[in-house]
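Notes to accompany the following structure.
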Amino acid sequence: MNRGDVERTTICEIELDAAKVKQFKDAIDNSYWFEFFMGFVGEVLPDRTRDNKHVLWTHKNLVINYNGNQIIHVNLTQENPKPLEEGRVLDMTYSVKWIPTNITFARRFDVYLDYPFFEHQIHWFSVFNSFMMVIFLTGLVSMILMRTLRNDYAKYAREDDDLETLERDVSEESGWKLVHGDVFRPPLNLALLSAVVGTGAQLATLVLLVIILAIVGMLYTGRGAIVTTFIVCYAFTSFIAGYVSGGMYSRHGGLLCVWLHVIRVCNSDHCGHLCDNCGDIFLAECGELSLAVDFIFLSCFNCSLCVYLYSIYYYYVKTKMSRFFQTSFYFGYTLMFRLGLGILCGAVGYLGSNLFVRRIYRNIKCDQDKSRNIRCSLVLLFDGLS
């Protein structure tokens, strides 16, 4: 790498005509900026002119700090302003000065980290305001649901006290109590649903844990600290996915065959046996398809679709990306983020709805022999609540 200092040197000469003067004035009025890349470290400079007079900086002074064969920091200053006048010839010059430094290449970005600036950027009032709004809306919906449930509990209690009245015969035509035999029916793709819900529970715990660590810690001060935190927390929260998936799979009557898989792998590794028939490792006793489960999960999953639609709008309106690599990179990573967000929201929605449904059916008496076996979705269930 050539590190020779360069004194004031002419780059080119610019003769200003009416078109160029207008172009430069428009650039100054619209705060155009420029950026230099040297060793992938750039510094953007500065300043608009004063006294409402358009001038052009004609000299660029580059001060480059280096360590060995690596550029650590580049500083650009501008000098020698010239007024923009028609017919004037401008000499565009530059100079370069190389200064050795002891800063390592890995710490080259520390100069851009203003620790007090980043430390006080958490808007606690906005966070608290949003949190209280969510609490208020949740409490309002909970009050409406609790009032409806108390009325339904009272109605079902009266029906249990007088089983031979005509009122019971009429009331059997509607109500969410009638579908208790189908609400907990295991879905057809139980193994897939269990895996997705478990993964979503792990992602929700992972995001919550990283947010807490980012609030109480200083992850922004170290390069790659947030990525490292994500990886470590993902490894430590992996048991949550297994626990939630396995528990959900076994509660719905699934047959867990993990020991069969372990035995076959051990025999293949140590006894010379061929590990065949891998298709029967995962066996499940699945019932009929439950539309309620699909409705719960997909309705919460669709919130990620809104995020993806906004990302499309942002791409075409807010950005100027057009090439294939930029487009594929942007939409590829956005799609992965959307899938992760959808799985997270779907798992949270399913687990919350499942807890709610189990809780309301726990407080009623169901006659298994006389109840109707009606297949319906969760829409009918909440229609009964309303």
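The values are calculated or read from the model by the stated rules, or taken from the named source; none is laboratory data. What you see is a predicted model; the values in this text were computed from it and never measured. Here Cβ is always computed from backbone atoms with ideal geometry, including for glycine, and neighbour counts include all displayed protein chains.
Brief remarks follow.
- Positions within the stretch 50-63 being touching a helix residue (DSSP H, G or I) at 6+ places or on another chain (Cβ under 7 Å) and either among the aromatic types (F, W, Y) or modelled with pLDDT under 70 (or both), in sequence order: none
- Checking each residue of the stretch 328-349 against the condition of being within 30 Å of A154 (Cβ to Cβ) and without any contact (Cβ under 8 Å) to a residue 60 or more places away in the chain gives at least one match.
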